[in-house]
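Okay, structure first, notes after.
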Amino acid sequence: MYHATADNTLVERAYDGDGWYAGAFAQRAIPGTQAAVIAWTTDGTQLRVYFQNGTQASGVSEWVWSGGWVKGAAALPPAAQ
């Protein structure tokens, strides 16, 4: 599960059958951001998290889990108005 904290940090929570614990993901986000997460298990667990962290004002940034969290593709720019 991913959610924003009071200080606008997007964090990960995981459940292991005994209880919830803090995951390894924690990144600053703009106020009110929403997160989109996709996962698959080909060649191990793969995760992608997309959210607004302030890059290009309101562009969507990607973070990648493949054994550890790393910044993914450059921010997708905000839509033209």
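Before anything else, pin down the relative contact order of the chain: Cα pairs under 8 Å, at least 6 apart, normalised by residue count, whole percent. Working shown, then result.
Values: 151 pairs, mean separation 14.7, N = 81.
Answer for the chain is 18 percent.
If the elastic network links every pair of Cα atoms under 10 Å, which of Gly23, Gly44, Gly59 fluctuates the most in the Gaussian network model of the chain?
Gly44
Using a/c under 1.5 as the rounded threshold, could you call the chain rounded, prolate or oblate? The axes a ≥ b ≥ c are square roots of the C-alpha gyration tensor eigenvalues, and prolate needs a/b larger than b/c, oblate otherwise. Write out the running numbers ahead of the final one.
Values: a/c = 2.52, a/b = 1.41, b/c = 1.79.
It is oblate, given that a/c is not under 1.5 and a/b is not larger than b/c.
Gaussian network model of the chain, Cα springs within a sub-10 Å range: biggest mean-square fluctuation belongs to which of Thr45, Thr55, Thr33?
It is Thr45.
What list of ³J(HN,Hα) couplings, whole Hz, do you get for region 31-46 from phi and the Karplus terms 6.51, -1.76, 1.60, once you set θ to phi - 60° and write x for glycine and proline?
Here the 3J(HN,Hα) series is x, x, 4, 10, 10, 10, 10, 10, 9, 8, 10, 6, 6, x, 6, 10 Hz.
Read-outs throughout are calculated quantities, based only on the coordinates presented, and are distinct from any laboratory measurement. Because the structure is predicted, anything quoted here is derived from the model rather than measured.
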